[in-house]
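**Q** My questions all concern the structure below.
The values are calculated or read from the model by the stated rules, or taken from the named source; none is laboratory data. Keep in mind that this is a model prediction, so the values were computed, not measured. Because the Cβ atoms are built from the backbone with ideal geometry, glycine has one as well, and the counts that use them run over all protein chains shown.
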Amino acid sequence: MRLTTKGRFAVTAMIDLALRQDGGPVTLAAISQRQQISLSYLEQLFGKLRRNELVESTRGPGGGYSLGRKAGEITVADIITSVDEPLDATHCGGRENCRADGGRCMTHDLWAALNVHMLDFLQSVTLQKLVDEQHANGFELEDRPAAKRAISAAPVVKPIRITAPNSVFALGGLTNK
């Protein structure tokens, strides 16, 4: 199995989301900034996670993403397979045509057995377990910035009205008075 960047980033982003979802929907921009993952890459990943019902999206102001199921019901295997990552250590993708002549290689059974163990392990690790590990390692949520107010609390200042002439020609009228 080759766990690529796609799978790693998906798991990392889901942990970030699970840690913060009690505060409401989490934006991809916030995850992107905290985890140093490209926003456009996260958009691709979360599109796949949403189609597989691992996350739900909320549109509009205050919108973002939240988990589609409880963190204890989502496994690492669910996340990785949702973003189209194959969990396969065999060279042939399980088709048993490993060699150039289309035959099966001598180590095919070894890699196929590894696939079974990897899948079993990743199915045994839930998102909740990863969140609990973060808390055990001393993770603390940073303070959320106060929401920006749409209406200013500052008093309205009256504009100053100047009653001076508005052109050079009107200046002559001031000297005649």
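**Q** Determine whether Phe139 is out of contact with any strand residue (DSSP E or B) (no Cβ under 9 Å at 6 or more places or on another chain) and either in a helix (DSSP H, G or I) or modelled with pLDDT of 90 or more (or both).
**A** When the stated conditions are applied, Phe139 does not pass them.
**Q** Scan the stretch 111-127 residue by residue and report those that are over 13 Å from Ala89 (Cα atoms) and in a helix (DSSP H, G or I).
**A** Once the filter is applied, which keeps residues that are over 13 Å from Ala89 (Cα atoms) and in a helix (DSSP H, G or I), the stretch 111-127 yields Asp120, Phe121, Leu122, Gln123, Ser124, Leu127.
**Q** Report those helices (runs of 4 or more DSSP H) wholly inside the stretch 1-75 carrying at least 1 residues which are within 22 Å of Asp88 (Cα to Cα) and of a type in the set (D, E, K, R).
**A** Filter on the stretch 1-75 gives 5-20, 39-51.
**Q** If you don't mind, another one. I'd like to know if the stretch 111-125 contains one or more residues that are farther than 30 Å from Thr75 by Cα and modelled with pLDDT under 85.
**A** no
**Q** Which residue out of Pro165, Pro155, Pro159 is modelled with pLDDT of 65 or more and surrounded by fewer than 10 Cβ atoms within 10 Å (Cβ to Cβ)?
**A** Pro159
**Q** Taking Phe46 and the conditions (1) within 28 Å of His117 (Cβ to Cβ); (2) in contact with a Phe, Trp or Tyr (Cβ under 9 Å, 6 or more places away or on another chain); (3) at pLDDT 90 or above, which numbered condition does it fall short on, given that it satisfies the others?
**A** With respect to (1) within 28 Å of His117 (Cβ to Cβ); (2) in contact with a Phe, Trp or Tyr (Cβ under 9 Å, 6 or more places away or on another chain); (3) at pLDDT 90 or above, Phe46 is out only on (1).
**Q** Considering each residue of the stretch 82-110, count those that are modelled with pLDDT of 80 or more and either surrounded by fewer than 18 Cβ atoms within 10 Å (Cβ to Cβ) or assigned to a loop (DSSP other than H, G, I, E, B) (or both), and give that number.
**A** 5
**Q** Sticking with this one: Just the residues that are small (Gly, Ala, Ser) and out of contact with any helix residue (DSSP H, G or I) (no Cβ under 8 Å at 6 or more places or on another chain), please, taken from the stretch 17-29.
**A** Gly23, Gly24
**Q** Something else about it: Checking Gly23 against (1) within 16 Å of Ile80 (Cβ to Cβ); (2) touching a residue at least 60 places away in the same chain (Cβ under 8 Å), only one condition comes out false. Which one?
**A** For Gly23, the exception is condition (1).
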